[in-house]
Amino acid sequence: MNENISFTLNDKAVSVNTDGERPLLWVLRTDLGLTGTKYGCGKALCGACTVIMDGMAIRSCVIPVSSVKGKTILTIEGLAKNGKLHPIQEAFAKHDALQCGFCTPGMILNAYSLLLSNPEPSRQDIIDGMEYNLCRCGAHTRIIRAIEEAAQEMKGAR
Amino acid sequence: MNEDKLQVAESDRDESLYPVSRRDFLKGLGGGIVILFAAGDPSATGQGRRGERPDFNAYLRIGEDGRVTCFAGKVELGQGPMTSLAQTLADELDVSLYSVDMVMADTARCPFDAGTWGSTTTPQFGPILRAAGAEAREVLIGLAAVRLKVPKDRLAVEDGVVFDKTQTSRKVTYAELTKGKKITRKLQTAPTIKTVGQYNLIGKPINRLDAADKVTGRAKYAGDIRLDGMVYAKVLRPPSHGAKIKSFDASAVDGQDGFEVVRDGELVAVLHKYPDMAEKALSKLKVEYDIPEPRFDDKTVFDYHMKNAGNGRVNGKPAGNLDTGERLSKTVVEETYLNGYVAHAPMEPHTAVAHFEGNKVTVWASTQTPFGLQRQLISDLGMPAENVHVIAPFVGGGFGGKINFDQAIQVVKIAKIAKKPVQLAWSRADEFFYDTHRPAAAVKIKSGVDASGKIVLWDYGIYGMGGRGAGLFYDIPHNRVTIYQRHHLLKTGPWRAPDNNTNSFARESHIDLMAARAGIDPLDFRLRNIKDEKFQRVLKAGADKFGWTAANKSPSGRGYGMACGFDVGVPVVLFAEVKVDERTGAIQVKRVVCAQDLGLVINPEGVALQTEGCITMGMGYALTEEVHFTGGKVHDENFDTYQLPIFSWVPEIEMVLIEADHDPSRGAGEPAIICMGGVLINAVYDATGARLTQIPMTRERVRRALAQRA
């Protein structure tokens with residue numbers, strides 16, 4: 001059943017008319033044309049589709065789009081502001097915390113959520129918080145380092 | 001306009017073999033200086049059979065704005081060629097790294113390339129690129145000498161500016177020199193390239209040039225292509241390999257609001273403007289299959305291979321006489337090693353888009369082989385080369401699995417029938433099913449050690465795979481390697497350092513076993529039995545970094561292991577420390593040290609990334625990754641049953657690069673992974689005394705081996 005679904009996406013009000021059971025991932029990627037959010041598994045097992053809903057990381061491949069009504073969604077496209085990269089993006093680039101880049105948007109947004117809830121994470125906190133985001137290329141140690149540095153950077157900016 | 005066209009002998013060229021002619025490439029390039037170059041000897045690189053290679057397979061251009069563009073058929077899969085090739089070229093040309101644009105893996109814009117695999121980009125393509133850069137620099141210096149009225153030997157270049165060394169204010173930029181020019185040169189003889197000590201960029205750690213696109217979501221992969229009128233296809237995955245459709249009823253889906261069903265033989269797909277809707281509709285198709293009787297499964301595959309081995313063929317050059325070797329042996333050690341199927345499991349499943357326009361087709365595909373795909377399509381569709389255009393945009397990991405381009409063949413068939421642009425992305429379950437898995441294999445070894453600790457016998461049999469990595473770098477006077485018949489029900493293909501992971505795991509397990517039986521420290525045993533000086537250097541450097549010391553007993557309880565290997569010309573040694581939870585069978589890898597000799601290192605940062613990637617990915621096949629199946633039915637469909645390495649597994653990783661700047665460059669994407677099975681199995685033995693002979697070392701297998709300890 002099609003319905004009107006309105007929410008805030010990357011600071012802009014958007015509205016889609018579609019079947020509310022459809023996964024948010026595909027509404028973002030097709031209806032809304034934001035391809036930065038990736039499909040990796042379709043079962044919330046890999047984290048490539050991670051986006052932020054009201055400050056929390058969610059796996060958009062299993063979230064029905066009807067459940068984001070009235071919510072605020074942030075995707076990788078909305079993270080840099082006025083052409084300036086977010087400190088987490090900066091740190092990922094600086095530490096080469098990526099190879100093929102396919103898991104990267106999900107990694108960055110999961111880290112964003114982690115740092116919102118825990119601005120001064122220990123190394124173990126980062127490992128625990130990132131544990132179920134998969135990277136096949138093996139950039140893990142660099143991702144941890146990048147998040148540590150971003151946390152420092154963001155702390156300085158606060 | 002200044003025309004300096006180079007005459008090239010075209011007589012031995014069969015134009016029909018070349019998808020796109022030289023003229024097509026050069027057409028529309030505009031002004032500036034163009035250097036054509038051929039990358040390496042195809043017989044040495046495996047890049048195409050004799051007679052199939054065009055006379056050039058990459059080119060670079062220095063535009064009238066001074067910007068440098070390098071056109072290369074290589075694919076950026078994450079392994080970093082976009083950065084390292086730009087770095088190589090910029091150094092030789094003496095320009096800023098950031099003035100180089102890379103155009104890659106586009107059959108209409110880049111000359112033929114056989115594929116991105118086998119660690120060939122850096123060792124084979126890199127040197128030719130350097131030569132082309134040097135040639136272009138020579139041309140530019142020639143032009144500058146005329147323009148500045150200064151002899152060439154008084155000129156130097158920095159950051160794209162040519163200047164008189166005796167009067168630096170007398171200068172001219174590359175952009176000024178190329179303005180209004182149209183010069184084409186084909187690299188004929190090797191120009192003088194820079195040598196050690198002259199490099200500005202080579203050897204320096206350089207951050208990835210694709211990072212900004214990848215951290216912002218701007219990087220476009222095949223699945224990010226959007227075309228007017230494009231629909232999404234989802235394929236109906238058969239229940240088993242070898243299955244044949246018995247009955248077919250698509251009436252519940254075909255023609256229903258916005259849905260279309262396409263069938264071409266065994267290929268069945270649902271099309272819809274939303275991929276999720278197409279996927280959901282697959283379950284409404286009523287299709288019955290005939291499924292072949294399973295001959296074996298993931299547990300019995302090894303026995304099946306050993307019982308149906310045939311006579312085998314001897315691989316490489318055997319030496320001495322095995323009977324003599326056995327007579328000389330004081331201790332004879334026999335063992336069989338098993339390693340299951342593994343999936344490539346790139347984070348981006350195979351994806352492709354096909355767009356027919358008039359008599360032309362354009363295909364965007366996540367593939368390691370854009371030109372191979374183009375050739376296949378030319379043949380399948382009966383279309384001329386110039387009408388088949390393949391582009392591999394950013395590819396989300398390959399590891400050998402995207403040499404296979406079945407998804408693109410499927411989408412082209414579907415788009416041809418549907419008569420509209422179609423995108424097909426395999427689901428994760430499709431990916432596990434259609435993947436060309438690393439073959440399961442057994443290795444049987446019978447070896448002997450004499451009274452002095454010398455290995456004198458090596459009889460090595462391979463069941464289920466090939467011989468890469470089975471060649472001996474140990475000095476064993478009586479040896480033979482035999483490869484027996486393969487029987488596979490799943491699709492198999494190259495997986496990061498094909499064969500070598502299994503061969504190195506088997507060999508290095510066995511070397512440790514022999515060392516233990518002979519009562520010799522594993523490092524000492526290897527040093528005694530490997531003469532090669534380079535290898536000795538790598539062994540000693542790695543041992544030193546790790547802090548290896550001989551234990552007074554074996555197993556020592558420290559959880560130390562080591563393993564050596566040789567791949568794509570690189571001697572590599574890994575040392576590891578593990579901790580084993582004897583109650584659960586869980587293995588925690590604490591630390592891994594990797595020593596390797598890669599020759600001249602272009603980008604140490606890239607090498608570090610690749611090596612860390614090898615070590616991390618290698619933990620997967622050593623500890624958990626194994627495809628479960630019965631006959632042609634694949635049981636693993638997602639990451640719940642197929643466990644990839646995760647953050648908490650990642651050990652402390654340290655690296656030693658042997659300084660060898662005067663030696664040719666070698667690729668770093670494969671060597672380090674080959675030792676991961678062996679180093680961890682040996683470390684588990686040292687920790688617990690349990691000698692496993694099968695990987696992955698699942699918790700269950702570890703517990704079983706602990707229970708069977710002598």
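Descriptive notes on the structure:
- Top-ranked residue of the stretch B:212-230 - restricted to ones that are at the interface with another protein chain (Cβ under 7 Å from one of its Cβ atoms) and charged (D, E, K, R), ranked as farthest from B:Gly258 (Cα to Cα): B:Lys214
- Of the strands (runs of 3 or more DSSP E) lying entirely inside the stretch B:346-433, those containing at least 1 residues that are among the charged types (D, E, K, R) and surrounded by fewer than 22 Cβ atoms within 10 Å (Cβ to Cβ) span B:351-357, B:360-365.
- Output for the stretch B:228-276, where each listed residue is of a type outside the set (A, V, I, L, M, F, W, C) and part of a strand (DSSP E or B): B:Tyr232, B:Lys234, B:Lys244, B:Lys246, B:Ser247, B:Asp249, B:Glu260, B:Arg263, B:Asp264, B:His272
- B:Lys286 meets all of the listed conditions (1) farther than 30 Å from B:Pro421 by Cβ; (2) modelled with pLDDT of 95 or more but one, namely (1).
- Any hit, the stretch A:60-68, residues being farther than 16 Å from A:Leu109 by Cα and of a type in the set (Gly, Ala, Ser): yes
- For the stretch A:9-22, the criterion of being on the phi < 0 side of the Ramachandran plot, away from chain B (no Cβ under 11 Å) and within 15 Å of the chain's Cα centre (by Cα) is met by at least one residue.
- Evaluation of A:Glu131 against (1) crowded, with 16+ Cβ neighbours inside 10 Å; (2) facing chain B (nearest Cβ under 10 Å); (3) not hydroxyl-bearing (Ser, Thr, Tyr) (one fails), failing number: (1)
- Scanning the stretch A:68-84 for residues that are crowded, with 19+ Cβ neighbours inside 10 Å, in contact with a helix residue (DSSP H, G or I) (Cβ under 8 Å, 6 or more places away or on another chain) and either in a helix (DSSP H, G or I) or without any contact (Cβ under 8 Å) to a residue 24 or more places away in the chain (or both) yields A:Val68, A:Ile76, A:Glu77.
- Flag if A:Thr141 is within 11 Å of chain B (Cβ to nearest Cβ), without any contact (Cβ under 8 Å) to a residue 12 or more places away in the chain and among the polar types (S, T, N, Q): yes
- For A:Ile88: the one exception among (1) surrounded by 24 or more Cβ atoms within 10 Å (Cβ to Cβ); (2) within 19 Å of A:Thr35 (Cβ to Cβ); (3) within 15 Å of the chain's Cα centre (by Cα); (4) at the interface with chain B (Cβ under 9 Å from one of its Cβ atoms): (2)
Residues are listed down the side, and each one gets a yes or a no for (1) free of Cβ contacts under 8 Å to residues at least 60 places away in the same chain; (2) crowded, with 21+ Cβ neighbours inside 10 Å:
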position: B:Gln485; (1), (2): no, no
position: B:Leu490; (1), (2): no, yes
position: B:Pro522; (1), (2): no, yes
position: B:Thr549; (1), (2): yes, no
position: B:Ala563; (1), (2): no, yes
position: B:Asp567; (1), (2): no, yes
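- Qualifying positions in the stretch A:97-110 - at the interface with chain B (Cβ under 9 Å from one of its Cβ atoms) and either hydrophobic (A, V, I, L, M, F, W, C) or over 19 Å from A:Ala48 (Cβ atoms) (or both): A:Ala97, A:Leu98, A:Cys100, A:Phe102, A:Cys103, A:Ile108
- The test for being at positive phi and of a type outside the set (S, T, N, Q) holds for B:Gly358.
- Leading residue by the ranking (farthest from A:Met107 (Cα to Cα)) among those in the stretch B:646-661 that are at the interface with another protein chain (Cβ under 8 Å from one of its Cβ atoms) and assigned to a loop (DSSP other than H, G, I, E, B): B:Val650
For every residue, the table says whether it meets (1) among the aliphatic types (A, V, I, L, M); (2) assigned by TED's automatic domain parsing to the domain that holds B:Asp524; (3) more than 16 Å from B:Ala343 (Cβ to Cβ); (4) not in a helix (DSSP H, G or I).
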position	(1), (2), (3), (4)
B:Lys553	no, yes, yes, yes
B:Cys594	no, yes, yes, yes
B:Gly606	no, yes, yes, no
B:Met619	yes, yes, no, no
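- Taken residue by residue, the stretch A:111-126 has at least one member that is more than 15 Å from the chain's Cα centre (by Cα), over 20 Å from A:Glu90 (Cβ atoms) and within 12 Å of another protein chain (Cβ to nearest Cβ).
- Which listed residue, of B:Gly118, B:Gly133, B:Gly126, is touching a residue at least 60 places away in the same chain (Cβ under 8 Å), of a type outside the set (Val, Ile, Thr) and in contact with a Gly (Cβ under 8 Å, 6 or more places away or on another chain): B:Gly118
- Residue within the stretch B:672-692 that is closer than 20 Å to B:Tyr341 by Cα, assigned by TED's automatic domain parsing to the domain that holds B:Pro494 and part of a strand (DSSP E or B) present: no
- Screening the candidates B:Ala190, B:Ala269, B:Ala219 for the property of being under 30 Å from B:Ile128 (Cβ atoms) and buried (at least 16 other Cβ atoms within 10 Å of the Cβ) yields one hit, B:Ala219.
- Matching residues in the stretch A:32-43 - criterion: being surrounded by fewer than 18 Cβ atoms within 10 Å (Cβ to Cβ) and either more than 8 Å from chain B (Cβ to nearest Cβ) or in contact with a Cys (Cβ under 9 Å, 6 or more places away or on another chain) (or both): A:Lys43
- Whichever residue in the stretch B:151-167 is buried (at least 20 other Cβ atoms within 10 Å of the Cβ) and without any contact (Cβ under 8 Å) to a residue 40 or more places away in the chain and, among such residues, is nearest to the chain's Cα centre (by Cα): B:Val162
- Annotation note: Cβ proximity below 6 Å between a residue of the stretch A:88-105 that is in contact (Cβ under 8 Å) with a residue 12 or more places away in the chain and of a type in the set (Ser, Thr, Tyr) and a residue that is crowded, with 24+ Cβ neighbours inside 10 Å and assigned to a loop (DSSP other than H, G, I, E, B) (sequence gap 6+ or interchain) occurs for A:Thr104/A:Leu98.
- Flag for B:Lys299 being charged (D, E, K, R) and part of a loop (DSSP other than H, G, I, E, B): yes
- Qualifying residue in the stretch B:430-446 (condition: more than 16 Å from B:Tyr341 (Cβ to Cβ), within 24 Å of the chain's Cα centre (by Cα) and outside the structural domain of B:Ser329 (by TED's automatic domain parsing)): yes
- Residue in the stretch B:347-363 that is over 30 Å from B:Ala385 (Cα atoms) and modelled with pLDDT of 95 or more present: yes
- As a summary of the residue check, B:Asp435 satisfies the conditions (1) touching a strand residue (DSSP E or B) at 6+ places or on another chain (Cβ under 8 Å); (2) within 14 Å of chain A (Cβ to nearest Cβ) except for the one numbered (1).
- Only strands (runs of 3 or more DSSP E) whose full extent lies in the stretch B:436-516 are considered here, and the ones with at least 1 residues that are among the polar types (S, T, N, Q) are B:441-449, B:478-484.
The values are calculated or read from the model by the stated rules, or taken from the named source; none is laboratory data. Everything quoted here is computed from the prediction, not taken from an experiment. Because the Cβ atoms are built from the backbone with ideal geometry, glycine has one as well, and the counts that use them run over all protein chains shown.
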